[in-house]
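Presented below is the structure to which this report refers.
The numbers here are math on the coordinates, done by the rules we state, and not lab data. Remember, it's a predicted structure, so these values are computed and weren't measured experimentally. Here the Cβ positions follow ideal geometry from the backbone for every residue, glycine too, while neighbour counts run over all protein chains shown.
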Ligand SMILES: Cc1ncc(COP(=O)(O)O)c(C=O)c1O
């Protein structure tokens with residue numbers, strides 16, 4: 001009989017933790033600490049402790065965190081930021097929001113993170129020695145890597161490039177709470193500023209929107225605190241342009257409770273990824289994700305289909321009661337309005353190809369092992385029935 005395994009579901013987690021969560025919410029209500037106050041400060045302190053980072057500045061979302069980070073690092077009109085095409089839109093849209101240009105550097109085919117060789121090559125070939133882009137005259141100011149699906153980008157190399165060229169780094173760790181790189185440094189510590197999202201589906205999810213910036217630089221922390229509060233230095237003393245971006249007390253109290261369990265949540269994701277890896281490894285028409293840099297926390301577990309029609313594959317799993325999703329069906333380099341200047345266009349063939357073949361499988365922490373086994377077994381069965389209709393157009397053409 002078919003099981004029903006949604007791609008993502010929060011009700012089991014809520015059922016398990018609801019009494020503790022409700023108690024924490026009740027405390028906020030009793031203290032009327034809706035905006036700012038103890039619960040927000042306590043969560044910020046505990047989050048810093050967890051990541052071993054000096055400062056956490058909470059805000060309303062991962063998107064706001066990115067905007068605030070770019071603003072704090074003084075991005076100016078027409079500045080270029082080097083970033084990945086294989087991400088959620090916010091990692092590029094906020095560059096645009098502040099007048100900058102995202103330049104897309106292709107990704108590594110194993111980790112799906114920004115390819116540091118291509119990053120270096122682009123700088124060497126496209127810029128003069130002052131890091132001014134030869135064709136446009138725009139200056140390159142920073143690098144914005146994304147720790148995609150929960151695995152850190154290659155910060156050893158990224159830092160080397162940034163130091164050599166005097167560039168800042170904004171680490172988008174929205175999908176990577178609890179991940180660390182091979183040097184065992186937690187996501188949240190690799191950038192001048194790092195950004196997190198507490199969107200409900202994230203590894204550490206609130207019951208609404210939430211996010212934060214982290215930094216080890218006290219001056220940047222101070223600036224971020226001003227920027228999230230209209231540029232306010234002291235009572236009615238506004239010294240720069242900012243926004244209103246708050247993590248409210250109720251969300252902070254919920255996150256503070258869930259933070260105690262983040263290692264358990266991540267451990268479950270890793271355990272499930274290992275089961276998928278083991279059970280699917282013998283199939284030669286799929287490529288499995290690679291954990292090549294420290295601790296991967298599998299915000300998503302994505303497989304690549306090789307010569308298989310994705311829509312039919314997903315439909316067949318749906319018929320077995322299994323939900324899947326596509327991250328990402330389109331690279332950011334393919335989104336017209338993000339390509340601000342044709343002279344900055346850069347080819348990203350690895351990312352472009354991946355957007356056609358990638359599929360995300362269920363990996364939320366409250367799944368049961370037998371459910372993960374069921375998903376893996378159904379995939380094996382479906383792929384063993386491969387017929388001509390199931391193959392991709394490219395292979396069909398070849399066969400004809
Ligand atoms: C890589 C990445 N960056 C930024 C964001 C934006 O976070 P939020 O949805 O909290 O604004 C997300 C969330 O989906 C994300 O996955």
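Assorted remarks:
- If the chain linking residue 343 and residue 235 were pulled fully straight, counting 0.36 nm for each residue of separation and taking away their Cα-Cα distance, it would gain 34.3 nm.
- Values of log10 I(q)/I(0), in the order q = 0.13, 0.16 Å⁻¹, for the range 122-229 under a Debye, Cα-only, solvent-free model: -0.56, -0.80
- Spacing of the two label points (7 Å from each Cα toward its C-beta) at residue 312 and residue 244, in nm: 5.4 nm
- Measuring between their Cα centroids, the range 59-121 and the range 39-58 lie 24 Å from each other.
- Label-zone membership for the range 186-210, site residue 139, 7 angstrom Cα→C-beta point, backbone N under 20 Å: 192-193
- Taking label points 7 Å from Cα along the Cα-to-Cβ direction, residue 283 and residue 381 give a separation of 1.3 nm.
- Every helix of 4 or more DSSP H residues in the chain counts as -39500 (n - 2.57), and over all residues that averages to -12500 deg cm²/dmol at 222 nm.
- Square roots of five times the Cα gyration tensor eigenvalues for the range 1-150, Å: 39, 23, 13
- Label reach from residue 8 (point 7 Å along Cα→C-beta): in the range 186-218, amide nitrogens under 15 Å belong to 197-211.
- Computed over the alpha-carbon atoms, the chain gives an Rg to Rh ratio of 0.99, Rh here being the Kirkwood radius from the mean inverse distance.
- Counted residue by residue at 0.36 nm each, then reduced by the alpha carbon distance between them, the extension gain from residue 159 to residue 16 reaches 47.4 nm.
- Cα Rg, Dmax (largest Cα-Cα span) when computed across the range 262-399, Å: 16.7, 52
- Contour excess over end-to-end distance, with Cα ends at residue 31 and residue 46 and 0.36 nm allotted per residue: 3.4 nm
- Share of pairwise Cα separations in the range 25-80, more than 12 Å, in percent: 73 percent
- Annotation for residue 219 and residue 78: the two label points, set 7 Å from Cα along the Cα-Cβ direction, are 2.6 nm apart.
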